Structures are given as structure tokens and as C-alpha cells.
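Take a look at the structure below.
The values are calculated or read from the model by the stated rules, or taken from the named source; none is laboratory data. None of the values given here were measured: they were computed from a predicted structure. Don't worry about glycine lacking a Cβ; one is built from the backbone with ideal geometry, like all the others, and counts go over all protein chains shown. Note: areas computed on protein heavy atoms with side chains; ligands, DNA, RNA excluded. Shrake-Rupley method; radii C 1.70, N 1.55, O 1.52, S 1.80 Å.
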Amino acid sequence: RASAAQVQVYHLRSLRFRAQRVHLSWSLLAEQLLADVKKMSLGVYSPSTTPSGADKRIDIESRSIGSLASRNDYKHAGVVSPESRLLQEGVEFEKFFKKVHWRAPDWFLGTQIGQLTALLVGALLLLTLGGVVWSLGGGNATWDQSVWQSLWFSWGMFFDPGTEMGLEATEPWNIKLISVTFSVLGFTFNLLMLGLIVDISRSALEYWRRKRSRIVANGHILLLGWTDKTLFVMEELIQRAANRREKLQMVVLSELDDFDVTQQVRVHFGNPKDSKMIRVRTGSPCECADLARVSALSAKEVIILSPAGNPRRSDLATLRTVVALAAMPEPLQGNVVAEVRQAETASAISALMDVAEGVFARDAVNRVLCLMAVQPVIGDIFRQLMSWCDGVEIYSKSKKEIGCEDCTTYGEVIKHVGGGIVMGVRRPQQHAELSPPDDTVLGQIDKLLIMAKSDSDIKHKTVKLRRRGSSWTPALRRQDTESFRGNSSQATGTMVGCQSRIEKTTNPVFVIIGWPADMEEILVGFDEYVPRNTKVVILARVPEEVRKSRIHNNRGCRNLQNIKLEHRMGSMSSLHTLSDLPLNDVCSILILADDNEGEDADTADSSSLATAITVDGLLHGKFSKVFEPVENPEGGLPPIICEVLTPVLERVLEKHRLRNHCTFFHSCAVETGLFTMASSQASVYNTLLMLLQRNDFGSFTMKSVADYMDVASLPAGTPLPFADVAKAVRAKSDTLLGFCDGAHRCVVNPEEFTNLTVGFTDRLVVLTRTAQPGVTSLHSATIYPEVALEPAPTRAPLLPASPPTSFL
């Protein structure tokens with residue numbers, strides 16, 4: 001009877017012989033071979049005879065592959081053959097299998113107890129041998145030839161090498177040789193024995209350390225997982241605690257080595273104080289035991305970061321972590337915020353745990369990225385509001401927290417709040433009401449939405465009326481005598497001219513370089529924010545047929561109303577390919593981090609940076625042989641918005657000269673900022689998402705001074721105090737957030753500065769409830785139906801970033 005291996009080899013040879021005779025496809029033969037191997041593994045198939053010699057030749061004309069397959073088919077696939085040993089009952093185990101026993105070398109050398117036994121047996125043999133050799137050597141005056149004194153001498157020389165120093169220098173050479181030999185052997189034995197004892201002790205201590213060690217913390221923030229966004233999340237959390245003047249303690253649990261993670265944290269922050277508040281532990285976020293060792297039960301917030309890679313697999317890994325948290329022996333006391341890569345996963349996370357929420361923030365980041373190219377001023381305002389590290393934020397405060405308990409209306413609260421701009425009010429279990437009328441009555445538990453630089457800047461101010469021209473206005477709180485010109489936003493300052501050029505152009509043109517995995521959502525945002533007849537030129541390495549197929553399969557891209565796409569294929573960093581783009585006619589150039597081909601974040605950032613440098617050189621005439629830029633274009637050169645992902649590139653570009661002409665949009669930093677905002681201020685997170693989406697309660701717009709004041713009645717060139725303009729804007733139920741001057745510089749939340757003036761030609765950044773004709777707003781390109789709102793549940797959930805049918 002042939003073995004299974006011989007059967008498989010013979011079967012393969014016979015199949016190869018048949019393939020040579022009838023020229024059959026190797027794919028069909030491989031399928032047949034796989035089927036036969038599976039049957040052999042189940043004990044179903046075995047050949048009737050074993051061929052040998054000339055019998056190996058098979059007449060292929062008389063037998064076919066079909067007959068070979070049919071002879072082994074059963075009526076039910078997967079059924080074990082009746083002849084299989086698996087179905088034989090009543091057979092004793094010992095009759096089929098031989099027992100395995102230890103071999104002496106394996107036991108003595110392969111186990112710790114065997115090693116100890118070997119050393120002890122060797123010691124006894126050496127002691128006995130030493131006694132015998134000493135007795136045969138004749139002994140000396142101190143130790144004679146008797147058995148006990150010989151063994152005692154052997155013991156002393158073996159375990160105490162210093163015993164040989166007790167011998168006289170005049171001893172015979174044979175006595176000295178015996179002493180030296182057994183001293184060396186004893187010294188070697190002691191080293192081996194002590195080394196083994198140390199190794200056993202070290203293994204035992206390491207076992208107990210890994211089993212019993214834990215991080216004891218209470219009220220801390222627990223980060224689960226380590227991705228490219230983890231450092232950004234830490235930075236946002238540290239800045240959030242600094243703005244609120246809170247103590248912060250973070251614990252990171254990841255599968256990476258804790259030493260490597262600690263080194264990355266120290267290199268990124270540099271400040272020892274920031275790195276000391278972060279504690280790292282190696283473990284699996286999907287194991288309850290590892291979660292218990294980082295005090296997950298007593299954490300104030302648990303943040304789950306989605307790993308990089310395929311969105312579906314990343315969300316499944318996030319769900320496994322949420323399941324592990326739900327399986328803890330005791331319920332968690334803090335909130336759980338999980339990052340998801342697909343919007344539909346958020347509802348599954350909420351269903352697993354009552355205290356867990358899934359946050360899909362990528363769509364909101366894509367919308368801000370579109371605004372940075374289409375409406376740069378408004379886009380930069382959203383970028384600041386979504387991060388704790390840069391610019392201003394929105395804080396939710398009650399009247400008691402700012403010392404305005406006696407104020408009953410919204411207008412009275414505005415006059416008493418200093419250090420920030422009151423944007424609206426949020427009542428319990430309701431949407432935020434932005435820029436309501438001044439006579440709106442406020443309750444004691446209502447929350448005010450205030451735009452400020454930090455939480456500590458929001459204070460109660462004493463109202464002092466003073467004369468300013470022909471109007472009485474509240475006096476601004478004097479904090480800083482520095483003009484706002486030195487603190488204007490760099491990202492906005494280079495693109496105000498672009499905004500004016502977009503407004504004046506009938507058929508604007510935009511260039512997008514790159515095709516990321518979520519390109520369809522970016523096109524939907526572009527279509528929502530641009531006017532009709534907008535041309536978008538896309539340069540990417542993805543074939544045009546693949547792009548059109550992806551656009552057609554996306555439900556949101558099927559009804560693009562305002563943009564017309566022009567596809568171009570080529571390298572993103574090729575000089576000749578980039579020079580063929582209509583760079584002289586575009587309003588802005590958007591360079592996306594193209595990770596569509598499975599590239600990591602570092603490679604995608606390197607490609608984007610090379611593209612930005614090449615495009616900047618083309619616009620400044622450094623490659624005049626292949627491209628001639630327009631001299632002194634109206635509104636300046638078109639801005640370049642380059643998306644970057646990793647924190648390494650952020651540190652490299654911190655002081656690079658390219659920042660003077662190019663705006664680097666750190667999408668991961670903005671996404672993590674919005675993510676941390678959702679974990680601490682869900683109402684502010686919902687408000688920002690609703691402002692980015694279609695809504696009927698408010699929008700950021702840009703207007704002229706003439707829209708609120710009678711400019712014709714004022715002397716020409718007279719500067720207008722910012723407080724007077726703010727009062728005029730407020731008279732029409734809008735809220736003034738900032739302004740952009742004629743030098744293409746913009747400032748937001750300027751209440752903390754003094755002696756501010758606004759020119760007649762300056763553009764105002766206004767929060768308005770309704771968009772008016774001729775006004776640049778987020779959703780002025782198309783007309784949308786009103787959004788139906790449903791009653792709020794008992795617990796306000798976090799909004800998904802994709803446009804829903806209702807916002808609660």
C-alpha cells in the first residue's frame with residue numbers, strides 16, 4: 001500500500017504526462033489536483049494500484065479527465081468516507097499510536113530541572129574524583145590520605161578556590177597540580193550554577209512583572225492604538241488642557257514596543273514637560289486583560305484610533321476594540337470615542353456600548369479642504385475652529401461660568417462677554433441657534449457658543465460707554481496694544497486675493513493634482529461650494545476609465561450640477577506634465593495626498609511636496625523654457641494648497657520658504673482636532689458639521705462694509721472703529737467675526753486688540769442666518785430644500801459628517 005506522499009507524486013506526474021499528450025490547460029489540471037488532494041486529506045480518495053515501470057504510461061485516448069473526476073465524486077460534498085478511521089468506534093488509542101518518551105540528552109539539556117540535575121550530578125562526580133586523586137597523591141601534613149579528609153579537601157577546593165592558598169609553597173608539585181586543577185573546575189562549576197540560578201530568577205521576575213505590572217491612573221485619557229494620527233491627537237489634547245488650564249494625564253496602549261513609542265513622543269514634542277504626562281504600555285487593545293492593566297475602567301475618556309489601511313478592515317479592528325471594552329467585568333465610567341473610516345460603522349459602535357460614539361470626521365475635513373481652494377478665508381476659519389493648537393476655537397459656556405447670571409436676554413450677554421465673540425446659544429436637547437435676535441430670552445441652563453482664543457480668555461467685562469463719533473459703543477477690554485497686522489493668519493493672508501478673483505470670474509477654473517481614495521467625496525464638496533460652469537482639471541496617475549467608473553458608481557457624484565471635469569493622466573511631479581496645465585487661468589491649485597496605490601503616508605507626502613515645489617517654480621518663472629507665467633496677474637498668483645499627512649513633514653516645513661507661496665493643509669491634524677473636539681464638546685462638534693453641510697440656521701459669509709453702513713454719508717477715507725462696525729452688523733441680526741483689509745490680510749476675533757479700524761473697501765467676515773443674493777457664502781452656488789429636523793433624543797449623538805436626512 002503506497003503512502004499518501006507517493007500517491008500525490010505519482011498523481012502529479014500522471015497529470016503532467018496527460019497535459020503533454022493532449023495539451024490541456026494547466027489551470028484545469030491544477031483544479032483537479034487540488035480536488036484530489038482534498039479528498040486524500042479526508043481519507044476519501046486512494047488509488048487502487050501503485051504503478052511501476054512501464055505501467056506508468058496511461059493511454060489518454062481511453063481515459064479522460066472527466067472520468068477521473070467522476071470516479072471519486074460523492075453525493076454530498078464534505079461527507080467523511082465510511083472507510084475512514086474517523087468513523088471507527090470502539091478502537092483503543094494505544095493500538096494505533098506509539099508513546100513518545102524523553103531521551104536523556106533532551107531532558108538533561110532541554111529543561112531547567114534537567115540542567116540543574118546535570119550540574120549536581122557533575123558536582124558529585126568531581127567531588128568524588130577529587131577525593132580519590134588526593135588520596136592517591138599521598139596527601140600532606142594538613143589533609144592525610146583518609147577517605148573523609150580527602151573528600152573534605154576536595155569540597156574545599158571545589159567550592160572555595162581560596163583554599164589552595166592555605167598550602168605551603170614547599171608542597172610537592174603533584175599536590176599543587178591537584179589543587180590548581182580542582183580549583184579551576186570548581187570555579188567553572190560555580191559560574192555555571194550561579195548563572196543558571198540568575199537566569200531562573202530573572203525569568204521568574206520577568207513573568208511576575210508582565211503578569212502583575214499595571215498603570216494605576218484615575219481620570220486620565222486612554223489612547224488605544226498607534227497610527228500616523230496619534231501624535232496629532234496628543235498635541236491636540238495637550239493644547240486643549242492648556243486652553244482650559246486643566247491637568248492632563250495620557251496613557252497609550254499599543255502593540256508596538258513601548259521604548260519605540262516613547263522615543264517618537266520625545267522627538268515630536270521636544271518639551272520634557274509634555275512627554276512626562278504621557279505614559280506608554282505595550283499590549284493589545286482587543287484584550288480585556290491588557291485594558292485592565294491601563295486602568296480603562298477609571299479613564300475619563302477612551303479614544304480609539306483606527307489603524308491605517310483598508311477602511312473596512314480598519315473599522316473591523318475598531319469594532320473588536322469596542323467589543324473588548326464592552327466585555328470588561330465592570331462598566332466603563334468615561335466616554336468612548338472611536339474613529340471610523342466608514343460612516344455606516346458609527347451606528348454599530350453606538351449599538352455595542354451606550355457610552356461609545358463613532359466619529360466619522362473625514363468628510364468634514366474634505367469639505368474644509370475644498371473651502372481652502374474655493375473660499376480660502378472661510379476655509380481657514382473652519383481650519384482654526386477645528387483645532388485646539390491654532391487660532392480660535394468655539395467654547396460652550398453657561399451664564400454662570402462667565403459671570404452673567406443677571407443677564408436675561410442675548411443682547412445683554414453680548415455686552416458683558418469679553419475676550420471672545422458670542423456666536424449663538426444652545427438650549428437643552430435642541431440645535432444651536434446662531435446669531436439670534438438681541439431680545440431672545442436665555443435660561444439659566446442654556447449654553448452660549450463663544451469664539452475665543454482659549455477658555456481662560458473668556459471673562460466678564462464691565463461695560464463702559466464712551467463717545468466714538470456719532471454712536472455710543474461698548475469699550476473693548478484692553479489687553480494688548482499690538483496691532484492686529486502682526487498677528488494675521490498666514491494661511492489666509494496669501495489667499496484673500498484669490499477669493500476676490502473667484503467672485504469676479506464668470507467661469508472659474510480649478511486644478512486638482514492627485515486622486516486619493518476618497519476623491520469622489522471631494523468632488524461632491526467642490527460641486528456644492530463653487531458656482532455653475534466651473535471647470536475642474538484633474539491630473540493623476542489613475543486611468544481615465546477608472547476615474548469615470550468610480551464617479552459613476554458613487555451616488556453623490558451622479559448629480560454634479562456645477563462642475564465640469566477635465567481628466568488628464570500623467571505623473572504628478574513631471575515638469576512637462578505640469579506645464580501643460582492651465583496654470584495662468586486657474587483660481588487655485590489643490591495638491592492632494594495620493595494614497596490610492598497603497599503608498600504609505602511618508603511616500604505620499606514626499607510626492608506632494610515635490611509637486612508643490614515644481615508648481616511653485618513654474619508660477620515664478622523658474623522654468624521659462626517650458627512655461628511662461630503671466631506677469632503681475634490680477635489678484636496675485638494663484639494659491640497652492642498642498643495636503644500633507646505626517647507630523648514629520650510638518651516639522652520640516654515649519655520655517656520653509658515655500659510657506660510664503662504655498663499653504664500646507666495638515667489634514668490628519670485637522671481631523672484629529674475635530675476628533676478630540678467631539679470627545680469633549682459634542683455640541684460644538686455638531687455645530688461645526690452643520691455649518692459645513694446644508695442647513696437653514698447659519699453660515700459664514702463675506703460682505704462689504706456698505707451692506708451694513710451708509711458709506712456715502714461718511715467722509716471719504718475715514719477709518720471706521722471696529723466696534724462701530726460690529727454694532728452695525730449686529731443691528732441686522734448678524735455677528736461680525738473679523739475682516740480682511742486691502743493688503744490681503746485677514747484677522748478673526750479681533751476683540752482682544754485695541755485701536756482697530758476698518759476701511760471702506762475691507763471685506764467683513766460675518767456669521768449670518770440666511771444667505772442673500774450676491775453674497776459669498778458656503779452654499780450660495782445652488783438652492784437646496786430645507787432640512788427636516790426630528791425631535792431630539794435623550795442623549796445628543798455625534799453627527800456623522802456625511803449629509804444625513806436629519807441632524808439628530
In the stretch 333-350, how many residues are surrounded by 21 or more Cβ atoms within 10 Å (Cβ to Cβ), without any contact (Cβ under 8 Å) to a residue 60 or more places away in the chain and assigned to a helix (DSSP H, G or I)?
-> 2
Is one or more of the residues making up the stretch 392-403 surrounded by 24 or more Cβ atoms within 10 Å (Cβ to Cβ), under 23 Å from the mean Cα position of the chain (by Cα) and of a type outside the set (Val, Ile, Thr)?
-> yes
So which residues in the stretch 257-286 are part of a helix (DSSP H, G or I), over 17 Å from Pro307 (Cβ atoms) and not aromatic (Phe, Trp, Tyr), if there are any at all?
-> Asp258, Thr262, Gln263, Val265, Arg266, Val267, His268, Pro272, Lys273, Asp274, Ser275, Lys276
Please indicate, with yes or no, whether at least one residue in the stretch 320-332 is more than 18 Å from Phe675 (Cβ to Cβ), open to solvent by less than 50 Å² (accessible area, probe 1.4 Å) and outside any loop (DSSP other than H, G, I, E, B).
-> yes
What do you reckon, is Gly570 farther than 30 Å from Arg266 by Cα and within 30 Å of the chain's Cα centre (by Cα)?
-> yes
Those residues of the stretch 686-712 which are among the small types (Gly, Ala, Ser) and in contact with a Gly (Cβ under 9 Å, 6 or more places away or on another chain), in sequence order | Gly698
Here the qualifying pairs (Cβ atoms under 7 Å; residues six or more apart or on different chains; first in the stretch 547-566 and within 12 Å of Phe526 (Cα to Cα); second open to solvent by 100 Å² or more (accessible area, probe 1.4 Å)) come out as Asn562/Arg532
Does Ala242 satisfy the condition of being of a type in the set (Gly, Ala, Ser), outside any loop (DSSP other than H, G, I, E, B) and closer than 30 Å to Gln384 by Cβ?
-> yes
Consider Arg558 carefully, then state whether it is of a type outside the set (Gly, Ala, Ser), touching a Leu at 6+ places or on another chain (Cβ under 7 Å) and open to solvent by 50 Å² or more (accessible area, probe 1.4 Å).
-> no
Take the residues of the stretch 606-640 that are of a type in the set (Asp, Glu) and open to solvent by 40 Å² or more (accessible area, probe 1.4 Å): which is modelled with the lowest pLDDT?
-> Glu634
Looking only at the stretch 299-313, which residues are among the small types (Gly, Ala, Ser) and either under 16 Å from Trp226 (Cα atoms) or open to solvent by 30 Å² or more (accessible area, probe 1.4 Å) (or both)?
-> Ser306, Ala308, Gly309
Just to be sure, is Ala296 assigned to a helix (DSSP H, G or I) and either polar (S, T, N, Q) or modelled with pLDDT of 90 or more (or both)?
-> no
Within the stretch 190-242, which residues are touching a strand residue (DSSP E or B) at 6+ places or on another chain (Cβ under 7 Å) and at negative phi?
-> Ile215, Ala217, His220, Ile221, Leu222, Leu223, Leu224, Trp226, Thr230, Val233, Met234, Leu237
Among (1) touching a Lys or Arg at 6+ places or on another chain (Cβ under 9 Å); (2) at pLDDT 90 or above - the single one Ala324 does not satisfy = (1)
Restricting attention to the stretch 132-151, report how many residues are over 13 Å from Thr181 (Cα atoms) and either surrounded by 15 or more Cβ atoms within 10 Å (Cβ to Cβ) or touching a residue at least 12 places away in the same chain (Cβ under 8 Å) (or both).
-> 12
Which one is nearest to the chain's Cα centre (by Cα) among residues in the stretch 528-546 that are assigned to a helix (DSSP H, G or I) and without any contact (Cβ under 8 Å) to a residue 60 or more places away in the chain?
-> Val546
Checklist (1) under 23 Å from Leu191 (Cβ atoms); (2) open to solvent by 70 Å² or more (accessible area, probe 1.4 Å); (3) charged (D, E, K, R); (4) at pLDDT below 75 applied to Asp160, failing item | (4)
Subset of the stretch 577-605, residues open to solvent by 30 Å² or more (accessible area, probe 1.4 Å), in a helix (DSSP H, G or I) and at pLDDT 90 or above, comes to Thr577
Return the only residue of Pro719, Pro715 being touching a Ser or Thr at 6+ places or on another chain (Cβ under 6 Å), modelled with pLDDT under 85 and open to solvent by 10 Å² or more (accessible area, probe 1.4 Å).
-> Pro719
Are any residues in the stretch 530-563 of a type in the set (Gly, Ala, Ser) and under 28 Å from Ser579 (Cβ atoms), and if so, which ones?
-> Ala540
Among residues of the stretch 351-374, those that are open to solvent by 10 Å² or more (accessible area, probe 1.4 Å) and either polar (S, T, N, Q) or touching a His at 6+ places or on another chain (Cβ under 9 Å) (or both), counted = 0
Restricting attention to the stretch 732-739, does a residue exist that is open to solvent by 10 Å² or more (accessible area, probe 1.4 Å), closer than 20 Å to Met386 by Cβ, modelled with pLDDT of 80 or more and within 33 Å of the chain's Cα centre (by Cα)?
-> no
